[in-house]
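Right, one structure below, let's go through it.
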Amino acid sequence: MEVCLNGNFVEKNDAKISISDHGFLYGDGVYETLRTVNGRPWLIDEHLKRFRQSIDTVGIEFMWTNDEVVNLVIALLARCEPGEYRIRLTANNTPNFLIEAVPLVLPDKKNYANGVSAITFDGERPFPLVKSISMLTSMIAKKEILRAKVFEAFLVDRNKNITEGSISNIFAIKDGIIYTPKERILEGTVRNLMIELLKNEFEMRVTSIAQKDIYDFDEVFLTSSIKGIVPVVKIDGKKIGDGKVGEITKRAMKILKENLINYGE
Ligand SMILES: Cc1ncc(COP(=O)(O)O)c(C=O)c1O
């Protein structure tokens with residue numbers, strides 16, 4: 001399998017970076033993860049917009065235009081077997097720019113059908129609007145995820161508000177109204193898409209959600225580029241609503257599915 005390193009296509013095992021690599025030494029790199037739908041990169045303009053925002057905030061030297069990046073991604077996919085891929089773009093201040101495509105692995109179907117469990121975790125991501133390769137908060141949260149045998153950890157900030165998942169965004173529903181946190185989050189591409197799609201049908205409030213209130217919602221779901229929408233039916237061992245996937249969550253999943261199927265056609 002090949003990767004694209006600084007515009008050159010090389011076998012993954014032959015792709016090398018220096019021990020002086022800035023990202024390796026200082027962690028000042030940024031990345032994006034997206035997926036293909038029908039073999040084409042999905043929401044790539046939105047990902048590139050956020051990539052630029054991360055690059056500009058960190059001050060990374062990046063010489064590629066968006067069109068060039070899209071062309072490199074398409075050229076890399078053309079070198080892969082047909083199928084769906086997870087694509088990762090990584091840029092740092094060396095500067096190095098890596099594009100990888102690995103076969104897409106989705107969560108087990110039963111996670112979508114029955115919902116998953118989550119825990120809360122006291123932690124903030126510094127500079128949350130930056131999708132940074134310095135992922136200590138998410139990695140330490142992952143340790144707790146593995147220990148608790150749950151699907152995701154919901155980060156709780158200094159004000160005791162739920163902000164986002166360690167690698168996802170959060171939506172919560174009460175009395176037919178959909179809420180999603182506003183502050184100290186990465187503005188997820190699927191979050192933004194779902195806000196737009198769902199507000200045609202439901203009242204949508206982009207606002208803070210206190211940790212103590214999360215257990216009282218009727219439904220909760222998380223979103224990410226790779227996982228789409230995953231229902232959350234238990235948080236910290238407490239059932240959300242009746243502990244089953246709720247109707248509005250099902251409707252949101254259906255809307256996203258329709259959107260994915262229609263993509264590019
Ligand atoms: C911290 C964090 N929040 C939210 C998201 C979801 O963003 P997106 O919908 O663009 O995948 C991610 C995705 O990796 C993430 O790492």
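So residue 112 fits all but one of (1) surrounded by 14 or more Cβ atoms within 10 Å (Cβ to Cβ); (2) under 28 Å from residue 12 (Cα atoms); what number is the exception?
(2)
Six or more apart or on different chains, Cβ under 7 Å: which pairs go from a residue in region 164-177 that's assigned to a loop (DSSP other than H, G, I, E, B) to one that's basic (Lys, Arg) and within 16 Å of the ligand (Cβ to nearest atom)? Could you list them?
Partner pairs satisfying both residue conditions: 166/142.
Condition (residue is more than 16 Å from the ligand (Cβ to nearest atom) and in a loop (DSSP other than H, G, I, E, B)) applied to region 45-58: is it met by at least one residue?
Among the residues of region 45-58, not one is more than 16 Å from the ligand (Cβ to nearest atom) and in a loop (DSSP other than H, G, I, E, B), which makes the answer no.
Which one of these is modelled with pLDDT under 95 and exposed (fewer than 14 other Cβ atoms within 10 Å of the Cβ): 38, 13?
On the way: 13 fails: modelled with pLDDT under 95.
Of the residues listed, the single one that is modelled with pLDDT under 95 and exposed (fewer than 14 other Cβ atoms within 10 Å of the Cβ) is 38.
Report, by residue number, each residue of region 59-76 that is surrounded by 13 or more Cβ atoms within 10 Å (Cβ to Cβ) and either within 20 Å of residue 92 (Cβ to Cβ) or within 16 Å of the ligand (Cβ to nearest atom) (or both).
Passing the criteria: 60, 62, 64, 66, 69, 72, 73, 76.
Is it true that residue 138 is in contact (Cβ under 8 Å) with a residue 12 or more places away in the chain, of a type in the set (Ser, Thr, Tyr) and touching a Phe, Trp or Tyr at 6+ places or on another chain (Cβ under 7 Å)? Explain how you work it out, then say what you get.
Working: in contact (Cβ under 8 Å) with a residue 12 or more places away in the chain: yes; of a type in the set (Ser, Thr, Tyr): yes; touching a Phe, Trp or Tyr at 6+ places or on another chain (Cβ under 7 Å): no.
No.
Residues in region 202-213: is at least one away from the ligand (no atom under 16 Å from the Cβ), among the acidic types (Asp, Glu), part of a strand (DSSP E or B) and in contact with a strand residue (DSSP E or B) (Cβ under 9 Å, 6 or more places away or on another chain)?
yes
Of the residues 129, 186, 193, 222, which is under 22 Å from residue 54 (Cα atoms), among the hydrophobic types (A, V, I, L, M, F, W, C), touching a Pro at 6+ places or on another chain (Cβ under 9 Å) and within 13 Å of the ligand (Cβ to nearest atom)? Explain how you work it out, then say what you get.
Working: 129 fails: touching a Pro at 6+ places or on another chain (Cβ under 9 Å); 193 fails: touching a Pro at 6+ places or on another chain (Cβ under 9 Å); 222 fails: under 22 Å from residue 54 (Cα atoms).
After applying the criteria, what remains is 186.
Between a first residue in region 83-112 that is acidic (Asp, Glu) and a second residue that is in a strand (DSSP E or B) and surrounded by 16 or more Cβ atoms within 10 Å (Cβ to Cβ), which pairs have beta carbons less than 6 Å apart while being 6 or more apart in sequence or on different chains?
Matching pairs, first to second residue: 84/36; 100/3.
Would you call residue 134 within 17 Å of the chain's Cα centre (by Cα) and in a helix (DSSP H, G or I)? Walk me through how you get there before you give the answer.
On the way: within 17 Å of the chain's Cα centre (by Cα): yes; in a helix (DSSP H, G or I): no.
Taking the combined requirement at face value, the residue does not satisfy it.
Within the group 134, 117, which residue is within 14 Å of the ligand (Cβ to nearest atom), of a type in the set (S, T, N, Q), surrounded by 15 or more Cβ atoms within 10 Å (Cβ to Cβ) and at negative phi?
Criteria check complete, one pass: 134.
The values are calculated or read from the model by the stated rules, or taken from the named source; none is laboratory data. Because the structure is predicted, anything quoted here is derived from the model rather than measured. Cβ coordinates were reconstructed from backbone atoms using ideal geometry, including for glycine residues, and neighbour counts include every protein chain displayed.
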